[in-house]
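*Asks:* Take this structure, written in C-alpha cells, and hold onto it; I'll ask about it next.
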Amino acid sequence: MNNSVSIKDIAKKFKCAPSTISRALNDHPAINIETRKTIQEYALKVGYQKNTLSLSLLNNCSMTLGLILPSITHYHESSILEGMEEILLKSGYLLNICVSNESHTIEKEYIDRLLANRVDGLFISMAQESYDQQLGEHIDRVIQRALPVIFIDRPNHGVASDRVVTDDYQGAFMATQHLVDMGCQRIAHLHGPSGISVSQQRFLGFQDCLLANGRQVEEDLIQYVHFSAESAIQATRNLMQSTHKPDAIFGVNDEVCIAAMFVLREMGISVPQEVAIVGFDDIPLATFGHPPLSSVSRQSRRIGEEAAKLFLSKKDQKLDPVTISLDPKLIIRESSLRSS
C-alpha cells in the first residue's frame, strides 16, 4: 500500500482537476455516480488516504466538532459524551473532546485551538469560573463568527443561544417532596461545593420545597461535601452524632449518598426505616446500593443525543436559537420507601 498517493496523483490519472477528485471521493452529487464509483475504487486500489486538513480547506467543512466539558470523571458527563457520539459518528463527524477542569483560562485556550483546527461546531458546558464571573467574551467571539455553538447544562449569560439543559432545581424539589411525602420530619442535605451552580440549584430546590411545606431549613442539618464518596463519610457521621438526628438525607449526588448509606450501616442505623435517602444523577451503581438508592435522573445520555440532533438540524441553515429543557425524573427505590 502506498500511503503517499495524493489527490493530485489521482487527478493526473483521470486527467481532471483535484477538486473534481475531492468531490468524487466525498460523494458530492455534482459528480456522476458512475464516475464517483470509478474514482473511489481506484483510490482504494492505490491506497489513497484522505488528508482531512486539505479537504477542510477545499470544502470549508472539516467534519470535526469541539466538545468542552468541565470534567469527564462523573457518569453525567460520560453519558452526555456517549449520547453525542451515538448520533454524530453515524453522520461522519469526529468529536474533539476537551476538559476545562472548571478553569476559564483553559476553556479559552481550548476554544482558540478548536477554532484554529477549523471545527464545524462547538458544544460547551461552561467552566464554573466562566459561568460565575460571566466571562463570555471568548464564546461571544465564536458566535460572532456564525459558528454553531450549543450549550449543555450551563447556558451562556445574556446571549440568545442554542442550549440543552435539565432542571436541577426541579429535580431537587421533587426529591425533597418525596421525602416529605414519606413522612420524614428532619431532612438533612449533603450540600455540594460552594460556588458550583449545580450545588446551588439543588440546594435551592431542597430549601424551597421545605418552605413550601411550612418548614424551615435547619443549619445543623446541612453538611458540605465534595462530589466524591469519601467526602460524605465524616459529614454523615456529623449529622448522626448531632443532638437532633435527621430521619432523611437528600444528597447532592449519588456517590455521597452511597457513602452515607455505608456509614449508616456501620452505625447500625437502618435505611430507610430510620433514615430515608435520595440522591441525584441516577448513576448505574445506584441500582446496586445496599439498599438500592432512590435518585433523580438528569437524562444525561439524552442531553447528548438532543444536542447532537440540534446541531445536525441547524448546521446548514440559520434559525432562531432553540432551548431544549429536559424534565428530571425521580427514580424511587428502596432507600426512601418507608412503611407507614
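The values are calculated or read from the model by the stated rules, or taken from the named source; none is laboratory data. Because the structure is a prediction, the values reported are computed rather than measured. Using ideal geometry, Cβ is built from the backbone for each residue, glycine included, and neighbour counts are taken over all protein chains shown. Heavy atoms of the whole protein, side chains included, go into the accessibility calculation; ligands, DNA and RNA do not. Shrake-Rupley method; radii C 1.70, N 1.55, O 1.52, S 1.80 Å.
*Asks:* Does any residue in the stretch 268-284 that is within 15 Å of PHE206 (Cβ to Cβ) come within less than 8 Å, Cβ to Cβ, of a residue that is among the aliphatic types (A, V, I, L, M) and part of a loop (DSSP other than H, G, I, E, B) six or more places away or on a different chain, and which pairs are these?
*Replies:* ALA276/MET182; ALA276/LEU337; ILE277/VAL271; ILE277/LEU293; VAL278/LEU293; GLY279/LEU293; PHE280/VAL252
*Asks:* Among the listed residues VAL159, VAL217, identify the single one that is of a type in the set (A, V, I, L, M, F, W, C), part of a loop (DSSP other than H, G, I, E, B), at pLDDT below 90 and more than 25 Å from SER78 (Cα to Cα).
*Replies:* Residue meeting the stated conditions: VAL159.
*Asks:* Quick test for you: out of ASP327, ASP282, pick the one residue that is of a type in the set (D, E, K, R) and on the phi > 0 side of the Ramachandran plot.
*Replies:* Within the list ASP327, ASP282, the selection yields ASP282.
*Asks:* Something else now. Which of the residues belonging to the stretch 322-340 are farther than 18 Å from GLY289 by Cβ and either surrounded by fewer than 16 Cβ atoms within 10 Å (Cβ to Cβ) or free of Cβ contacts under 8 Å to residues at least 40 places away in the same chain (or both)?
*Replies:* Within the stretch 322-340, VAL322, THR323, SER325, ASP327, SER339, SER340 qualify.
*Asks:* Which residues, counting only those in the stretch 230-266, are open to solvent by 30 Å² or more (accessible area, probe 1.4 Å), of a type outside the set (D, E, K, R) and under 15 Å from ALA286 (Cα atoms)?
*Replies:* ILE258, PHE262
*Asks:* On to the next question. Any idea which of (1) surrounded by fewer than 16 Cβ atoms within 10 Å (Cβ to Cβ); (2) within 12 Å of VAL252 (Cα to Cα); (3) touching a His at 6+ places or on another chain (Cβ under 6 Å) is the one ILE222 doesn't satisfy?
*Replies:* (1)
*Asks:* Which ones in the stretch 12-46 are small (Gly, Ala, Ser) and not in a helix (DSSP H, G or I)?
*Replies:* ALA17, ALA30
*Asks:* Also, I was wondering about something else. With LEU319, LEU285 as the choices, which residue is surrounded by fewer than 22 Cβ atoms within 10 Å (Cβ to Cβ) and more than 23 Å from the chain's Cα centre (by Cα)?
*Replies:* Criteria check complete, one pass: LEU319.
*Asks:* Just the residues that are open to solvent by 30 Å² or more (accessible area, probe 1.4 Å) and not basic (Lys, Arg), please, taken from the stretch 166-192.
*Replies:* Correct list: ASP167, TYR169, GLN170, PHE173, MET174, GLN177, ASP181, MET182, GLY183, GLN185.
*Asks:* Does any residue in the stretch 193-211 that is at pLDDT below 85 come within less than 7 Å, Cβ to Cβ, of a residue that is assigned to a loop (DSSP other than H, G, I, E, B) six or more places away or on a different chain, and which pairs are these?
*Replies:* SER197/ARG154
*Asks:* Being modelled with pLDDT of 90 or more and within 23 Å of GLY92 (Cβ to Cβ) is the requirement here; does ILE21 meet it?
*Replies:* For ILE21, the condition - modelled with pLDDT of 90 or more and within 23 Å of GLY92 (Cβ to Cβ) - is not met.
*Asks:* A further question on this structure: Considering the stretch 150-165 alone, what residues qualify as being open to solvent by 10 Å² or more (accessible area, probe 1.4 Å) and β-branched (Val, Ile, Thr)?
*Replies:* Result: VAL159, VAL165.
*Asks:* Which one is least open to solvent (accessible area, probe 1.4 Å) among residues in the stretch 89-136 that are of a type in the set (Phe, Trp, Tyr) and not in a loop (DSSP other than H, G, I, E, B)?
*Replies:* Filtering first and then ranking leaves PHE123.
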